[in-house]
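Heads up, the thing below is written out as structure tokens.
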Amino acid sequence: MLTSLKQKVVSLLKDQVPLDRKTILSSLELPKVLEHGHLAMPMFPLAKIFKKSPQLIAQEMATQLRLPPEIEKVEAVAGYLNFHFQTFFIQKELLENITKPLPPPAQRKKIAIDFSSPNVAKPMHIGHLRATVIGQAIYNLAKAQGHEVIGINHLGDWGVQFGKLAWAYLQWKDDYDFENEPFESLYALYVRFHKEAEKHPEMNEAGSAMFKKLEEGDPEVQKIWKEFIYISMQEYEKLWKQLGVHHDLVRGESFYNDRLETVEKILEEKGLLVESEGALVVPLDEFNLPPCLIRKKDGASLYATRDIASAIYRMEELKCDLNLYVVGADQTLHFQQVFKVLEKMGYPWAKNCHHISFGMYRFKDVGKLSSRKGQIIRLDEVLEKAVQQIKTLIDEKNPSLPQKDKVAQQVGVGAIIFNDLVNDRVKDVEFNWNKALSFDGDSGPYVQYCLVRCRSILEKYQKPLPTAFSQELSSPEEKALLRHLLNYEETLQKAFENFKPHLVANYLLDTCKLFNHFYHKHKVLGASEEKDRLLLVFCTQKTLEKGLKILNMEAPQAM
Ligand code: ARG
């Protein structure tokens with residue numbers, strides 16, 4: 001429900017109930033069914049105060065309230081006060097607000113979002129799809145809510161594996177075509193090293209020695225390592241571009257190298273560090289968690305140490321209010337440990353660090369996708385396959401479509417994004433190609449197609465749209481769509497508060513379903529209600545456009 005409409009109810013109730021405006025505002029609910037009106041206020045919290053049943057309070061209030069003209073009626077139903085706004089009034093409110101940005105948040109926050117964050121020398125895999133699209137959607141949600149957002153790429157660019165890779169590079173680089181296929185060559189080196197090291201474990205020692213050189217700043221090894229990062233970033237940039245992803249900062253793991261000593265010092269001073277079999281750990285028994293490993297026996301720092309540093313950097317140096325890590329559920333323990341260590345270090349902001357975790361993809365036909373070299377499902381291959389399939393479909397069904405390649409990109413990539421975001425992130429997802437690419441199921445193409453339909457109706461009108469509604473929309477289909485469109489703002493708020501973009505994706509699906517009900521039943525162009533119906537189409541179009549933008553999906557002009 002639009003905030004402006006909620007405010008009307010708040011003003012009406014504020015002198016009638018012993019609650020402040022904020023409490024009333026946050027208690028207002030959206031009734032599930034159309035018959036229950038546009039907003040509902042539960043009377044349960046008042047039962048104790050008035051010493052009466054909620055339903056009795058609701059009944060008394062319903063008869064006493066002096067309604068403003070915009071509110072048609074108020075009813076007492078099962079302990080709720082249900083408010084029915086005048087249809088014409090909400091048409092007007094919707095149209096006025098549809099192109100405006102959301103009202104500013106009560107408290108503007110600075111938010112760090114760590115997302116996508118792949119590992120140098122390795123192709124992004126299907127797990128990174130989730131880390132990428134969920135992260136970008138939450139980024140967009142936060143921005144749309146008026147917050148300041150910093151998207152961070154916590155690139156996996158440090159660790160003993162880079163000593164191994166440098167060793168492999170010096171040994172075998174001439175076997176590969178680094179000039180023309182730098183990234184594939186790098187990954188091939190990575191896979192080869194690990195395969196051969198199984199037979200020749202001494203290679204691991206050579207790799208560790210090389211990493212030591214890197215840590216000590218040996219210029220030659222440093223140069224090679226930087227090259228690895230450059231090659232990998234070039235590759236990732238291509239994918240991010242295809243997905244429309246944007247980071248504001250690259251702060252790879254290596255960025256924290258010269259901050260780790262400080263982390264250890266603080267831990268030491270606070271008496272939190274304990275030696276255990278030559279390694280340094282922070283015990284977390286009181287939380288029923290295994291100890292957090294800070295430094296290994298051989299002196300090497302760890303992923304966790306760098307994440308402790310990453311949180312301190314974001315909260316103390318960047319001065320963020322909220323620090324989000326969009327990372328798979330397989331790292332739940334890691335983040336629990338990191339956050340508990342921060343809490344023990346006495347940082348009051350530790351509670352504002354959150355692991356935005358997500359479930360895994362399950363594939364039926366892994367065979368077709370798994371890369372020849374490593375056993376992973378590569379993201380670039382998934383996107384390519386989706387685009388190709390859409391292209392084939394367009395060639396079959398609509399061969400004269402202008403800008404076919406562009407549309408295939410928009411629809412193919414959009415399908416993969418939507419197929420991910422439509423699922424509650426905490427759940428595992430069964431990947432099903434038919435479902436993802438279908439044009440009439442709960443899919444990205446279905447939403448894009450509905451938007452294209454709205455646009456084409458408006459284009460066919462060929463005249464400037466009216467600037468205001470002239471009469472009340474009266475059919476149940478129109479009213480249902482109208483009421484749903486009013487809830488966009490609320491949906492966005494909920495999606496952001498819970499970091500759950502699937503609420504937006506599902507809202508868009510419902511929008512399309514309600515629009516299609518309306519459109520199949522009622523003529524728009526040429527009807528006597530033409531002008532008002534066109535405005536309803538316009539509001540649907542705008543809502544779909546805004547929603548797709550939040551999900552980071554493009555919308556084709558035609559399809
Ligand atoms: N590079 C890690 C991976 O690919 C994800 C990093 C997530 N961010 C973090 N601050 N730990 O699994």
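Could you say which residue among 239, 280 is in contact with an Asp or Glu (Cβ under 8 Å, 6 or more places away or on another chain) and either surrounded by fewer than 18 Cβ atoms within 10 Å (Cβ to Cβ) or farther than 25 Å from residue 151 by Cβ (or both)?
Checking each option against the conditions leaves just 280.
Per-residue answers, yes or no, for (1) crowded, with 20+ Cβ neighbours inside 10 Å; (2) farther than 25 Å from residue 150 by Cα:
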position	(1), (2)
219	no, yes
228	yes, yes
249	no, no
260	no, no
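Does residue 545 count as among the acidic types (Asp, Glu), within 22 Å of residue 457 (Cα to Cα) and not in a helix (DSSP H, G or I)?
No.
Taking the options 298, 285, name whichever one is surrounded by fewer than 23 Cβ atoms within 10 Å (Cβ to Cβ), more than 30 Å from residue 129 (Cα to Cα) and modelled with pLDDT under 95.
Working: 285 fails: modelled with pLDDT under 95.
Within the list 298, 285, the selection yields 298.
Evaluate the range 119-129: report whether one residue or more is crowded, with 20+ Cβ neighbours inside 10 Å, polar (S, T, N, Q), within 16 Å of the ligand (Cβ to nearest atom) and in contact (Cβ under 8 Å) with a residue 24 or more places away in the chain.
Within the range 119-129 (the criterion being crowded, with 20+ Cβ neighbours inside 10 Å, polar (S, T, N, Q), within 16 Å of the ligand (Cβ to nearest atom) and in contact (Cβ under 8 Å) with a residue 24 or more places away in the chain), the answer is no, since none of the residues qualifies.
Would it be correct to say that residue 475 is closer than 30 Å to residue 86 by Cα and hydroxyl-bearing (Ser, Thr, Tyr)?
Against the criterion (closer than 30 Å to residue 86 by Cα and hydroxyl-bearing (Ser, Thr, Tyr)), residue 475 qualifies.
Go through the range 136-168 residue by residue and tally those that are over 16 Å from residue 547 (Cα atoms) and among the aliphatic types (A, V, I, L, M).
8
Examine the range 432-444 for a residue that is in contact (Cβ under 8 Å) with a residue 24 or more places away in the chain and touching a His at 6+ places or on another chain (Cβ under 7 Å), and state whether such a residue exists.
No: zero hits.
With respect to residue 513, determine if the residue is among the charged types (D, E, K, R) and touching a residue at least 24 places away in the same chain (Cβ under 8 Å).
Against the criterion (among the charged types (D, E, K, R) and touching a residue at least 24 places away in the same chain (Cβ under 8 Å)), residue 513 does not qualify.
Starting from the range 524-545, keep only residues that are of a type in the set (Gly, Ala, Ser), then list their pairs with residues that are buried (at least 21 other Cβ atoms within 10 Å of the Cβ) and in a helix (DSSP H, G or I) whose Cβ atoms are within a distance under 7 Å, requiring at least 6 positions of separation or different chains.
527/533
Looking at (1) surrounded by fewer than 18 Cβ atoms within 10 Å (Cβ to Cβ); (2) under 22 Å from residue 261 (Cβ atoms); (3) not β-branched (Val, Ile, Thr), which is the only condition residue 329 fails?
Of the numbered conditions (1) surrounded by fewer than 18 Cβ atoms within 10 Å (Cβ to Cβ); (2) under 22 Å from residue 261 (Cβ atoms); (3) not β-branched (Val, Ile, Thr), the odd one out for residue 329 is (2).
Only one residue in 311, 304 is in contact with a His (Cβ under 8 Å, 6 or more places away or on another chain), under 14 Å from residue 260 (Cβ atoms) and not β-branched (Val, Ile, Thr), so which one is that?
304
Residue by residue through the range 46-71, note down the ones that are over 17 Å from residue 8 (Cβ atoms) and touching a strand residue (DSSP E or B) at 6+ places or on another chain (Cβ under 9 Å).
54, 55, 56, 57, 58, 59, 60, 63
Does at least one position in the range 17-25 carry a residue that is part of a helix (DSSP H, G or I), out of contact with any helix residue (DSSP H, G or I) (no Cβ under 7 Å at 6 or more places or on another chain) and not aliphatic (A, V, I, L, M)?
yes
Would you point out the residue of the range 301-322, among those that are at pLDDT below 95 and hydroxyl-bearing (Ser, Thr, Tyr), that is nearest to residue 332 (Cα to Cα)?
Restricting to residues being at pLDDT below 95 and hydroxyl-bearing (Ser, Thr, Tyr), the top hit is 303.
Which ones in the range 183-201 are within 16 Å of the ligand (Cβ to nearest atom) and surrounded by fewer than 17 Cβ atoms within 10 Å (Cβ to Cβ)?
Those that are within 16 Å of the ligand (Cβ to nearest atom) and surrounded by fewer than 17 Cβ atoms within 10 Å (Cβ to Cβ): none in the range 183-201.
Just wondering, is there one or more residues in the range 167-174 that are out of contact with any helix residue (DSSP H, G or I) (no Cβ under 8 Å at 6 or more places or on another chain), within 16 Å of the ligand (Cβ to nearest atom) and modelled with pLDDT of 95 or more? Talk me through it step by step, then tell me what you get.
At the first step, the residues of the range 167-174 found to be out of contact with any helix residue (DSSP H, G or I) (no Cβ under 8 Å at 6 or more places or on another chain) are 171, 174.
With within 16 Å of the ligand (Cβ to nearest atom) added as a condition, the list becomes none.
No: the range 167-174 contains no residue that is out of contact with any helix residue (DSSP H, G or I) (no Cβ under 8 Å at 6 or more places or on another chain), within 16 Å of the ligand (Cβ to nearest atom) and modelled with pLDDT of 95 or more.
If we keep just the residues of the range 95-118 that are exposed (fewer than 13 other Cβ atoms within 10 Å of the Cβ) and farther than 14 Å from residue 142 by Cβ, which is farthest from the ligand (Cβ to nearest atom)?
Among those residues, the one meeting the criterion is 96.
Hey, among the residues in the range 351-365 that are farther than 12 Å from residue 330 by Cβ, surrounded by fewer than 16 Cβ atoms within 10 Å (Cβ to Cβ) and not acidic (Asp, Glu), which one's modelled with the lowest pLDDT?
364
Limited to the range 157-182, what total is found for residues that are aromatic (Phe, Trp, Tyr), surrounded by fewer than 20 Cβ atoms within 10 Å (Cβ to Cβ) and in a helix (DSSP H, G or I)?
1
Part of a loop (DSSP other than H, G, I, E, B), closer than 30 Å to residue 322 by Cβ and without any contact (Cβ under 8 Å) to a residue 40 or more places away in the chain - does that describe any residue in the range 496-505?
yes
Within the range 408-415, is there a residue that is within 29 Å of residue 185 (Cα to Cα) and not polar (S, T, N, Q)?
Within the range 408-415, the first condition is being within 29 Å of residue 185 (Cα to Cα), and the residues that meet it are 409, 412-413.
Those still in the list that are not polar (S, T, N, Q) too: 412-413.
There is at least one residue in the range 408-415 that is within 29 Å of residue 185 (Cα to Cα) and not polar (S, T, N, Q).
What are the pairs, 6+ residues apart or on separate chains, where a residue within the range 455-471 that is of a type in the set (Val, Ile, Thr) has its Cβ under 8 Å from a residue that is surrounded by 11 or more Cβ atoms within 10 Å (Cβ to Cβ)?
What qualifies is 457/524; 457/525; 457/534; 457/537.
Given the conditions (1) within 15 Å of the ligand (Cβ to nearest atom); (2) farther than 26 Å from residue 226 by Cβ; (3) touching a helix residue (DSSP H, G or I) at 6+ places or on another chain (Cβ under 9 Å), which single one is not true for residue 145?
With respect to (1) within 15 Å of the ligand (Cβ to nearest atom); (2) farther than 26 Å from residue 226 by Cβ; (3) touching a helix residue (DSSP H, G or I) at 6+ places or on another chain (Cβ under 9 Å), residue 145 is out only on (1).
The values are calculated or read from the model by the stated rules, or taken from the named source; none is laboratory data. Being a predicted model, the structure only gives us computed values, none of them experimental. Heads up, the Cβs are rebuilt from the backbone with ideal geometry, glycines too, and the neighbour counts pull from every protein chain shown.
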